[in-house]
1. I need the full set of residues from the range 322-358 which are in contact with a Phe, Trp or Tyr (Cβ under 8 Å, 6 or more places away or on another chain), closer than 25 Å to Leu388 by Cα and not small (Gly, Ala, Ser), in order please.
2. Working only within the range 236-280, note down all residues that are basic (Lys, Arg), open to solvent by less than 50 Å² (accessible area, probe 1.4 Å) and not in a strand (DSSP E or B).
3. I need the full set of residues from the range 106-118 which are crowded, with 17+ Cβ neighbours inside 10 Å and aliphatic (A, V, I, L, M), in order please.
4. Could you tell me whether the range 153-162 includes any residue that is at negative phi, open to solvent by 50 Å² or more (accessible area, probe 1.4 Å) and in contact with a strand residue (DSSP E or B) (Cβ under 6 Å, 6 or more places away or on another chain)?
5. So, of the residues in the range 349-367 that are in contact with a helix residue (DSSP H, G or I) (Cβ under 6 Å, 6 or more places away or on another chain) and under 29 Å from Val214 (Cα atoms), which turns out to be surrounded by the most Cβ atoms within 10 Å (Cβ to Cβ)?
6. As an exercise: evaluate Met102 against (1) part of a helix (DSSP H, G or I); (2) modelled with pLDDT under 85; (3) touching a helix residue (DSSP H, G or I) at 6+ places or on another chain (Cβ under 8 Å); (4) open to solvent by 30 Å² or more (accessible area, probe 1.4 Å) and give the number of the one condition it does not meet.
7. Quickly run through the range 286-320 and pick out the residues that are farther than 26 Å from Leu380 by Cα, of a type outside the set (Ser, Thr, Tyr) and either part of a helix (DSSP H, G or I) or open to solvent by less than 20 Å² (accessible area, probe 1.4 Å) (or both).
8. Could you tell me whether any residue of the range 80-99 is outside any helix (DSSP H, G or I), closer than 27 Å to Ala51 by Cα and modelled with pLDDT of 85 or more?
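The values are calculated or read from the model by the stated rules, or taken from the named source; none is laboratory data. These numbers come from a predicted model, not from an experiment. Quick reminder, even Gly has a Cβ in these numbers, built from the backbone with ideal geometry, and neighbours come from all protein chains shown. Quick note on the areas: whole protein, heavy atoms, side chains included, nothing else; ligands and nucleic acids left out. Shrake-Rupley method; radii C 1.70, N 1.55, O 1.52, S 1.80 Å.
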Amino acid sequence: MGGFLFCVVLPIPIYATGEPFAAGIGAMEQTILATAAAYVIVWYCGRRLEAFPRVTLQGNIGYIAPVAAIAYATIAVVLLLLRSDYSRVQLFGSGFLAILWMAFVGQLKARYLARNYAVLPSSLVEAMPGLPTCHWLPFENVERDGIRVDAIVADLGAGLTERQVSALAGAAIAGVPVLDRRYIVETMTGRTPLGGLTPNEFGALLPSRQYLVVRRSIELLLTVLFVPIFLPMLAVVALTISLDSPGPIFFIQTRVGRRGRSFRMIKFRTMFHGASGPSFTAQGDSRITRVGWFLRRSRLDELPQFINVLKGDMSWVGPRPEALDLEQSYVRDIPHFALRSIIRPGITGWAQINQGYAHDHDEMRSKLEYDLFYLKHCSLWLDLVIVLRTFTVLFGGAGAR
């Protein structure tokens, strides 16, 4: 409501030439309705996107600006198609105010909105995620001192005593939420812990058929629309590679895709032709060419994979496909690793934007937890979060190797 007043209502006296809505619907009234509709869209999208962990939409300009730009531009296009008269300065000025307001509120939330959680058993306090907006308190201290908490986080599989179970029941009766530790850790970190993962949870990793059909239709449409942009970029990068070092333009490697089926993934060549070595890339790898370093940092080496998207081997968003020999090693040594292949692999994904490059087994276990979280919660909203975060990663070069 505060944002609505700041972005829609307060600017009205600046451009109003009379009393709004007193003489029907004119340019002024259409501007008011347009700014109101655009702000509501921004607010709704913000609430949906911010529900995901590691998303601070209101405090991150990388999320705010695209959401506001798309919302206000969409309203402007609708008004143009309807041939409606409105104030363009006021409409897009409202969009700028929306960005300022959401950033301001985000700073307030990050600084002042902190929640207290009682942890049971208390020995798990140190293992809880370190977040500035969460205070983890031992359950015994909360009980003894009568501290007010927002919820109780309990390890329900830890064999609690009768007294502890009774205390949890009393808290629930008193209106204090009792949350499972695995659930709260997953919600706050964006990772599904491998420890304690049971076959009962495997069904939750299967995305709905409707979602997969809708997403496939959207990504095919967008890929075809962007082909005229991709082709000139492909030509420029291909010319640069050919001038930098001898060898083929493209690098084709067998990767493991959906349901364990292998496919040939296409990338721009970033290493010297004929260089031997492991399937993974080490830090400061001497096999990478001068142009290859830039292509890897900017992720332009992944651009030809839009061909794999059109062929159906990959999606724009999903778990990153691994080389065949590495995949076999990970499946053998890391429990549940094969679950990543439930859906098509992606050019970008939840693990890529949160962790970056990984190849050793400890890193891959962490990456698998991110991928399992994506499988459990995959939706068009989460895909939008990943796409927005990907642009931030591209500009910063984070996680490149």
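1. Glu322, Ile347, Thr348, Trp350, Asn354, Gln355
2. Arg269
3. Ala118
4. Taking every residue of the range 153-162 in turn, at least one turns out to be at negative phi, open to solvent by 50 Å² or more (accessible area, probe 1.4 Å) and in contact with a strand residue (DSSP E or B) (Cβ under 6 Å, 6 or more places away or on another chain).
5. Only one residue fits best here, namely Trp350.
6. With respect to (1) part of a helix (DSSP H, G or I); (2) modelled with pLDDT under 85; (3) touching a helix residue (DSSP H, G or I) at 6+ places or on another chain (Cβ under 8 Å); (4) open to solvent by 30 Å² or more (accessible area, probe 1.4 Å), Met102 is out only on (4).
7. Once the filter is applied, which keeps residues that are farther than 26 Å from Leu380 by Cα, of a type outside the set (Ser, Thr, Tyr) and either part of a helix (DSSP H, G or I) or open to solvent by less than 20 Å² (accessible area, probe 1.4 Å) (or both), the range 286-320 yields Ile288, Arg290, Val291, Gly292, Trp293, Phe294, Leu295, Arg296, Arg297.
8. no
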